[in-house]
Amino acid sequence: MRTGTVERKTRETDISITLSIDGKGNSEISTGIGFFDHMLTALSKHSGISMNIKAVGDLDVDGHHTVEDTGIVLGQALAKALGDKSGIARYGTAYIPMDEALGFCSLDISNRPFLVFKGEFTNQMIGEYDTCLTEEFFRAFAFNAGITMHLNMVYGSNDHHKCEAVFKAAAYALKAAVKELENGETLSTKGTL
């Protein structure tokens, strides 16, 4: 079973995450930011990766530390669950529509972390979630998981829909990339990732 548990405590946040790549997308998520919980629940459900996330942060300041640090710990937990990353499909790409919005994600679980994020929000907030933290979350996640990730809010007018479309696109791209290969080979001409 491919699982990973990581705990991280700083003066700003206290976060513990357990995930199971081969779970059924079940989740128990509590970050103190309702819309962020909604996005992480969607990420879990649509990727098929079960996630138990408990994050307590300095929300009296703002949501930045909580969201970014959750990305750090989630990325570390995924990296731990994947081990040396052998035997996985490695690549995943998905377009996801959400009403008038279209989200795109293409990723490579390569041990060469990088994030390209394209998209703009109309409003600063969705509920108590600061929309600019979407890029911060995915950067922290990609860099700590060892993923090259390209995310694009292709179009849309409703910020909730645009954000949810990219989270779900990331979920489906991840689902494809972590799929185990029958022959267990490492998809790299170098023989290792």
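The values are calculated or read from the model by the stated rules, or taken from the named source; none is laboratory data. Nothing here was measured: the structure is a model prediction, and the numbers come from that model. Reconstructed Cβ throughout: ideal geometry from the backbone, glycine too, with neighbour counts over all protein chains shown.
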Out of all the residues in the range 106-119, which are buried (at least 20 other Cβ atoms within 10 Å of the Cβ) and of a type in the set (Val, Ile, Thr)? Ile109
Selection count where residues are more than 22 Å from Ser44 (Cβ to Cβ) and in a strand (DSSP E or B), scope the range 106-119: 3
Answer from Gly25, Gly57 - the residue that is surrounded by 23 or more Cβ atoms within 10 Å (Cβ to Cβ), of a type outside the set (Lys, Arg), over 17 Å from Thr5 (Cβ atoms) and without any contact (Cβ under 8 Å) to a residue 60 or more places away in the chain: Gly57
Just to be sure, is Thr41 assigned to a helix (DSSP H, G or I), more than 16 Å from Thr5 (Cα to Cα) and among the hydroxyl-bearing types (Ser, Thr, Tyr)? yes
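Table: residues versus (1) without any contact (Cβ under 8 Å) to a residue 60 or more places away in the chain; (2) surrounded by fewer than 22 Cβ atoms within 10 Å (Cβ to Cβ); (3) within 14 Å of the chain's Cα centre (by Cα); (4) not in a strand (DSSP E or B).
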site	(1), (2), (3), (4)
Lys85	no, yes, no, yes
Tyr95	no, yes, no, no
Phe104	no, yes, yes, no
Phe121	yes, yes, no, yes
Phe141	no, no, yes, yes
Met149	yes, no, yes, no
Ser157	yes, yes, no, yes
Val166	no, no, yes, yes
Tyr172	no, yes, yes, yes
Scanning the range 123-139 residue by residue, the ones that are at negative phi, in contact (Cβ under 8 Å) with a residue 12 or more places away in the chain and loosely packed, with under 13 Cβ neighbours inside 10 Å total 1
Of the candidates Ser30, Ser86, the one satisfying the condition of being among the polar types (S, T, N, Q) and modelled with pLDDT under 95 is Ser86
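Take Met153 and tell me if it is buried (at least 19 other Cβ atoms within 10 Å of the Cβ), over 11 Å from the mean Cα position of the chain (by Cα) and outside any helix (DSSP H, G or I). Talk me through it step by step, then tell me what you get.
Details: buried (at least 19 other Cβ atoms within 10 Å of the Cβ): yes; over 11 Å from the mean Cα position of the chain (by Cα): yes; outside any helix (DSSP H, G or I): yes.
The answer is yes for Met153.
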